[in-house]
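The values are calculated or read from the model by the stated rules, or taken from the named source; none is laboratory data. All values derive from a computational prediction rather than experimental measurement. Note: ideal-geometry Cβ built from the backbone for every residue, glycine included; neighbour counts use all protein chains shown. We work out accessible area using only protein heavy atoms, side chains counted, and drop any ligands, DNA or RNA first. Shrake-Rupley method; radii C 1.70, N 1.55, O 1.52, S 1.80 Å.
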Amino acid sequence: AMALSEAARLRAEIERREQELSALQGQLASVLAKEEPGSELPTLQARASLSLAEILRYSRQLVLPELGVRGQLRLSRCSVLVVEGGTAVPVMEKDVEMSNLHRQVLHGEAREGLPKALSAAASLRQLNSAVQYVPYHLALSPSTALELVRQYDVVADCSDNVPTRYLVSDACVLAGKPLVSASALRLEGQLVVYNYQGGPCYRCLFPKPPPPETVTNCADGGVLGVVPGIMGCIQALEVLKIASGIGSGFSQFMLMFDALEGRFRNIKLRPKKSDCAICGDSPTMTSLQDYEAFCGSSATDKCRSLHLLTSKERISVEEYKKLWDEQVPHILVDVRPQVEVDICSLAHSVHVPLSKLEGQNEECLKYLGKRICKEKQRTSSKTAFPVYVICKLGNDSQKAVRVLQELPDKELGSIVAKDIQGGLMAWARKIDPSFPQY
Amino acid sequence: MAAPMSLVVEFGGGAELLFDGIKKHQVTLPCQPEPWDIRNLLKWIKQNLLKERPELFIQGDTVRPGILVLINDADWELMGELDYKLQNQDNVVFISTLHGG
Ligand SMILES: [Zn+2]
């Protein structure tokens, strides 16, 4: 019993100190957020020898002839800019969110809500306090990027959206810095070293941005936590090889990783293009541009919202809650894919994935028709039967409403379809806090 | 007359989602008067493999921006792009670039 109460006392003490710590971190964040970015990067002096502590710490790699003391010394005076997330939006943003933690290993539970740059720097400092970390809690934008990139020797792009990828690459070309770029989605990863040893830049490979509707982010497409971890490790390796003078073999090569098959592939890429708009022989771009306009999408991995329906064709979660409470006869159709329905769903909803609706899948329409028929028995009203459609965020539900509206009456009888704005995530936020947010 | 030809056609980086989620397709192209090149292959894919929303894969007579084409593990730019003459047993990969992290 003594040991138990001692344990309880210690736990309470730890909790108290953790709260104190997170309050301090919050204060630090707000102080740093006000600082002018990019003003003072300490210059790293060339040195003739390693310190005793450095020799102890790095002895296992110092004995590698490929690196040796020479490489380690080069490394010690090298600076690396790590671009994380997509922060070209005007507001200060990108705080650590719970959904980041499964893959972004520098952010711990205790630092949820803290700016990512500060959280990462705090973690790294715990691992190696001899390295200088400069957190920039700012939006990388066409006006700040070039000045920032110029101060560093190597750039690592770990961002999560197309406009930022172009911005970082263009800035690296203009500043003459090598760029180690890695990305991951679902169970796949890709890595290329751009603008290095005469090789191509991102624009050489992708002169035109992809149409916004073809771009999938991690929130929509999903990503297995360890996959970006693997890509990040290889990215760190290539940065280290460049910084220490070993050199990277990924200029003009793409590494493709397929985690499902467990396969790495090396793809030989095109050389630098002589007609590239930024790194070519006579570049048409000599400064950074507006990347969100260029890509037709915003620099964040957050989901875009669609405006397909008029407000008369949509209802709010509050309105839906009311008609549910009043037991108004209706059918609720959940159009999300099966994997998302497996995570959570409203018990009374009828599940018909959007893809099946769009393909006018006979079996699904029959099933839906049956459910409508059954529910109709609760009412004697002869007016069109209400069908409400819900998805995660209120985009797919709009597409589904359009499909339902265009069905001939013989399919489902006379119905009036509307969607629920903001979808299940709005339901979780505004109506039922116990409903999972994913 | 070009003889029938066997290819391995692969989709990745999310492009496979336009093909029922199937990444690897063992493909036999029929005999035809002209030799098979990537331009013809794209038409054939559009007619035979691509089930929905072709505009997310093909624009005009080429692939949409953001899709990289690899012929036997090399960027198609190095191989003549649309004009590359396919050989029996070639491996053609269409990979959508990833941006997430
Ligand atoms: Zn270029």
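So the values come out like this:
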quantity: Cβ-placed point charges (K, R +1; D, E -1), dipole of chain A about Cα centre in debye, nearest 20; calculated: 560 debye
quantity: Label-point separation, A:Gln151 to A:Ala110 (7 Å along Cα→Cβ), nm; calculated: 2.8 nm
quantity: Within the protein assembly as shown, helix-based [θ] at 222 nm, where runs of 4 or more DSSP H residues each add -39,500 (n - 2.57), nearest 500; calculated: -10000 deg cm²/dmol
quantity: Lys, Arg +1 and Asp, Glu -1 on Cβ, resulting dipole of segment A:311-431 about Cα centre, debye, nearest 20; calculated: 260 debye
quantity: Fluctuation leader among A:Leu260, A:Leu187, A:Leu205 - chain A, Gaussian network, Cα springs under 10 angstrom; calculated: A:Leu260
quantity: Of all accessible heavy-atom area on the protein assembly as shown, the percent that carbon and sulfur account for (1.4 Å); calculated: 54 percent
quantity: Interface A:B - total buried accessible surface [probe 1.4 Å, Å², rounded to 100]; calculated: 2700 Å²
quantity: Spatially proximal lysines relative to A:Lys382 (Cα-Cα < 26 Å; intrachain offsets below 8 disregarded); calculated: A:Lys312, A:Lys321, A:Lys322, A:Lys366, A:Lys370, A:Lys374, A:Lys410, A:Lys418
quantity: Per residue accessible area in Å² of segment A:43-295, where ligands, DNA and RNA are left out and the probe is 1.4 Å; calculated: 45 Å²
quantity: Computed over chain A: relative contact order in percent, which uses C-alpha pairs under 8 Å that are six or more apart; calculated: 12 percent
quantity: Antiparallel bridges, percent of DSSP beta bridges restricted to segment A:43-295 (to nearest 5); calculated: 65 percent
quantity: At most 12 other Cβ within 10 Å, DSSP loop - trypsin sites (Lys or Arg not before Pro), segment A:348-394; calculated: A:Arg378, A:Lys382
quantity: Angle in degrees between helix A:396-406 and the longest Cα principal axis of chain A, rounded to the nearest 10; calculated: 30 degrees
quantity: Potential extension, A:Ala384-A:Gln327 segment - 0.36 nm per residue separation minus Cα distance; calculated: 18.8 nm
quantity: Degrees between helix A:226-244 axis and first principal axis of chain A (Cα, 0 to 90, nearest 10); calculated: 20 degrees
quantity: Reachable lysines from A:Lys241, criterion Cα separation under 27 angstrom, eight or more residues apart if same chain; calculated: A:Lys116, A:Lys177, A:Lys268, A:Lys272, A:Lys273
quantity: With Cα atoms, 0 to 90° folded angle of helix B:38-48 axis to chain B main axis; calculated: 70 degrees
quantity: Furthest towards positive pole of dipole, A:Cys218, A:Ser159, A:Gly249, structure part segment A:134-278, Cβ charges; calculated: A:Gly249
quantity: Antiparallel bridge percentage (DSSP; both residues within the protein assembly as shown; nearest 5); calculated: 55 percent
quantity: Relative contact order (%) - criterion: Cα under 8 Å, at least six apart; region: segment A:311-431; calculated: 36 percent
quantity: Normalised contact order of segment A:43-295, rounded percent, pairs of Cα under 8 Å and 6 or more residues apart; calculated: 19 percent
quantity: Unit charges at the beta carbon, dipole of segment A:311-431: most positive-side option, A:Ser349, A:Tyr320, A:Thr379; calculated: A:Thr379
